[in-house]
Amino acid sequence: MASYDYDLICIGGGSGGVRASRFAATNAGAKVAVIEMPYDPISSATKGGLGGTCVIRGCVPKKLFVYGSHFREEFEDCAGFGWTLDSPAKFDWSKMLKGKTAEIERLNGIYGRMLANAGVEVIYGSGSLQDAHTVEVDNLDGSKKSVTAKHILIATGGTASKLNIPGAELGITSDEALAQPTLPKKTVILGGGYIAVEFAGIFCGYGSETHIVFRQPTPLRGFDEDVRGAVHENLKKRGVHVHSKLNPVKIEKTDEGLVLYLDSGDTITGLDCVMFATGRRPNTHRPDLNLAQVGVEMDSAGAIKVDEFSRTNVEGVWAIGDVTNRINLTPVALMEGSAMVQTCFQNTPTAPDYAHVPSAVFCQPPAATCGLTEQEAVEKGMTVDVYLASFKPMKGTLSGRDEKILMKCLVDVQTDKVVGMHMVGPDAAEIMQGMGVAMKCGCTKKQLDSTVGIHPSTAEEFVTMRTPTRRVGPGAEEAK
């Protein structure tokens, strides 16, 4: 029997990699090493950090900035409730940045301690495969060493990408946006995905003149159309300058600031910041993991191909998380890491369950979703009753804010099962987490109807919808 240095080597110390490594060591008694690059708030070919994108330059710092920018809304709304601010509130970007940095450094340290407590060795440097059981490590001092393992797990996540347009080097990505030394006075965000609309809310909330440019009629491609429409309207009502159905073609630097050229012939001038939120790509290239030479198959986007148990085509090599481009969410990477350990080390083949994965977009107000969109349900051949509510929240009756909450429930007519739930409004993420549990348990519309609501709350709307707004799918017209 071959002898190896470790039972498992994990390349990548983000959420999924740390979860798999800890569980392999503590739950299965495996000898484990994690290879990760040294900490830095901005990732590169030589910098990273335990905790990965989510902890250091993604979900966590982004949410902190969302919290901070949200105070502007509270200041605006408080007058209707009798409050008077004697002087305008002042915001200190440097203080916010300092607090954010302290928190992600704290979490980075916690991840290191969790691995140490589990008996997992951390090797700082970058790793590349030499064969199915050997990883070459580029150490921080420039030296190289080879380490071996019975199993190798690739959990290197993803990286932000820019459009290939002239002047792209003048723009930044979300990495740099969360580490800007000063608040830009005028910002344009390129893209219409969740990162784009979240940062539009952040910059606008902090007082930057904010523009967003995307090529679709509405943002959030792939989300339910009613959600897309509601978020689109809210962006405009919050003061974001929305440029839809347009493409950026060039960025130039002038004495008056950056200039963005659009395919309409128009320009946006005097910019301090151009942020690309134009997608992320699987991180198999920075640094090069040497996958092709070892024979690990990847798709056209560079994502590692895996089977239902996260195994690549090369025996002994596994991959989880964003580098596989399945559902690119931190909790999903955690699930995949846990399932990989059960399959590989605990003799319990376990496939991650991707049904009814809830998610949220922390735009302002936030959006959240679980299950199928209306279009997806129809494409699956379902006949669906659509329950839709749009209303002003109670808080808005006194604050005067011109925004409505959107709540939507999709019910399969044949089975009475709830197949999709969607919401745009305050606390959407918190409410949808509970709805996700219900859907995971196979919740039916009858069960929702039999549930007593909490009053007064927004959440009770999901259990008081009685009359369908419309029926869609095969046979819908005959049923009218």
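The values are calculated or read from the model by the stated rules, or taken from the named source; none is laboratory data. Not measured: the values here are computed from a predicted model. FYI the Cβ positions are ideal-geometry reconstructions off the backbone, even for glycines, and counts take in every protein chain you see. Just the protein is used for accessible areas: all its heavy atoms, side chains included, with ligands, DNA and RNA removed. Shrake-Rupley method; radii C 1.70, N 1.55, O 1.52, S 1.80 Å.
Of the listed residues Arg215, Arg466, Arg280, the order by accessible area with a 1.4 Å probe, largest first, is Arg215, Arg466, Arg280. Centre-to-centre, using Cα atoms only, the range 8-37 and the range 401-480 are separated by 39 Å.
Leaving out ligands, DNA and RNA, what percent of the accessible area of the range 337-480 is carbon and sulfur, probe 1.4 Å? Show your work: numbers first, answer last.
Working: 3730 of 7010 Å².
In the range 337-480, the share of accessible area belonging to carbon and sulfur is 53 percent.
Shown here: semi-axes √(5λ) of the Cα gyration tensor in Å, derived from the displayed model; of the candidates (1) 35, 27, 24; (2) 39, 31, 22; (3) 89, 31, 26, it corresponds to (2).
Once the cut-off is 17 Å, how many percent of the Cα-Cα pairs in the range 183-258 end up in the long-distance tail?
Values: 1219 of 2850 pairs.
Distances greater than 17 Å cover 43 percent of the Cα pairs.
Diffusion coefficient (Stokes-Einstein, Kirkwood radius over C-alpha pairs, 20 °C, 1.002 mPa s) for the range 337-445: 137 µm²/s, rounded to a whole number.
If you take every residue apart from Asp77 with its C-beta less than 14 Å away from the C-beta of Asp77, what net charge results, scoring Lys and Arg +1 and Asp and Glu -1? Write out the running numbers ahead of the final one.
Values: positive: Arg72, Lys237, Arg238, Lys392, Lys395, Arg401; negative: Glu73, Glu74, Glu76, Asp402, Glu403.
Net charge in that neighbourhood comes out at +1.
Measuring between alpha carbons in the structure, the pairs from Lys186/Lys395; Lys408/Lys445; Lys185/Lys392; Lys185/Lys236; Lys408/Lys446; Lys63/Lys408 lying more than 20 angstrom apart are Lys186/Lys395; Lys185/Lys392; Lys63/Lys408.
Legend: helices of the chain (whole DSSP H runs) are marked when their alpha-carbon atoms reach 20 angstrom or more along the helix axis and their mean Kyte-Doolittle hydropathy is at least -0.5; marked are 93-117, 330-345. In this view, the solvent-accessible surface of Lys404, computed with a 1.4 Å probe and all protein chains in place, comes to about 120 Å².
Label-to-label distance for Ser390 and Lys144 is 6.0 nm, based on points extended 7 Å past Cα in the beta-carbon direction. For a 4.7 Å threshold on C-beta separation, the list of partnerless cysteines in the chain reads Cys10, Cys78, Cys204, Cys273, Cys344, Cys363, Cys370, Cys409, Cys441, Cys443. Using a ≥ b ≥ c from the Cα gyration tensor of the range 409-480 (square roots of the eigenvalues), is it rounded, prolate or oblate, where a/c under 1.5 gives rounded and otherwise the larger of a/b and b/c decides, a/b for prolate? Since a/c reaches 1.5 and a/b is larger than b/c, the shape of the range 409-480 is classed as prolate.
Residues of the range 394-421 with an amide N closer than 19 Å to a point placed 7 Å from the Cα of Thr444 along the Cα-to-Cβ direction: 409-421. The modelled label-to-label distance between Glu430 and Asp266, using points 7 Å beyond Cα along the C-beta direction, is 3.8 nm.
State to the nearest 20 debye the size of the charge dipole of the range 87-191 about its Cα centre, where the only charges are +1 on K and R beta carbons and -1 on D and E beta carbons. Walk me through the intermediate numbers first.
Values: 12 positive and 11 negative charges, 106 e Å.
Using Cβ point charges on Lys, Arg, Asp and Glu, the range 87-191 gives about 520 debye.
At 0.36 nm per residue, minus the direct Cα-Cα distance, what do Asp92 and Ile42 gain on full extension? Give it in nm, one decimal, please.
Details: separation 50, 0.36 × 50 = 18.00 nm, distance 2.16 nm.
This chain segment gains 15.8 nm when fully extended.
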